[in-house]
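Step one of this worksheet: look at the structure below.
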Amino acid sequence: ARACRARCVGFDIDEVHLSTARRQAAAAGISKEQIDFRCDDVLELDLSPASVLVMFLVPNMLEPLMEKFRRMTEGTRILSFHFPLPVWQPEETRVVDHPHHPPPATTNMYSYTVGVRATSSSTSDTG
């Protein structure tokens, strides 16, 4: 948010996680005008206004969101940390520093763009 001067909204269903995120954002110098944290269920949210979606979700949470991702505006970027999206093949997979643990902890980051053709070995789908 700080480097891109983007306006960000963070969601979590757990107020403890949101409190941690608020502290981390403040420590990183991200102002409250740049980022808003809300306690909400991502399965109930309208994600369509997003131009970039960054997620730290487990696989059983990703599957129910796939239809929402398919309906997002073409060109929307989706970054999934830790786990790939079901069915869609990532455009890029990178090993990155783990955002919640100190180095040398790492995790995978999977990059997607809505509207780019994505296939898996068993199913075709539009990503």
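Rule-based calculations on the coordinates, nothing more; no lab input. All of these numbers come straight from a predicted model, not from anything done at the bench. A quick note on method: Cβ atoms are made from the backbone with ideal geometry, for glycine too, and the neighbour counts reach across all protein chains shown.
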Amide H contacts of residue 36 (H built 1.01 Å from N, under 5 Å, at least 5 apart or other chain): 8, 9, 10
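For residue 57 and residue 9 in one chain, what is 0.36 nm times their gap in residues minus the Cα-Cα distance, to one decimal in nm?
Working: separation 48, 0.36 × 48 = 17.28 nm, distance 1.59 nm.
Full extension from residue 57 to residue 9 adds 15.7 nm.
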Under 14 Å, Cβ to Cβ, from residue 109 - net charge with Lys/Arg +1 and Asp/Glu -1: -1
Fully extended contour minus Cα-Cα distance, from residue 116 to residue 91, at 0.36 nm per residue: 8.1 nm
Residues residue 98 and residue 73, FRET efficiency given R0 of 30 Å [Cβ-Cβ distance, rounded to 0.05]: 0.50
Extension gain (nm, one decimal) between residue 16 and residue 36, 0.36 nm per residue minus Cα-Cα: 5.7 nm
Rounded to the nearest 20 debye, dipole of the chain from Cβ charges on Lys, Arg, Asp, Glu: 480 debye
Between 0 and 90°, nearest 10: helix 15-27 axis offset from the chain longest Cα axis: 70 degrees
Under the Debye formula (equal points on every Cα, no solvent term), log10 I(q)/I(0) of the chain at q = 0.09, 0.10, 0.19, 0.21 Å⁻¹: -0.27, -0.33, -1.23, -1.44
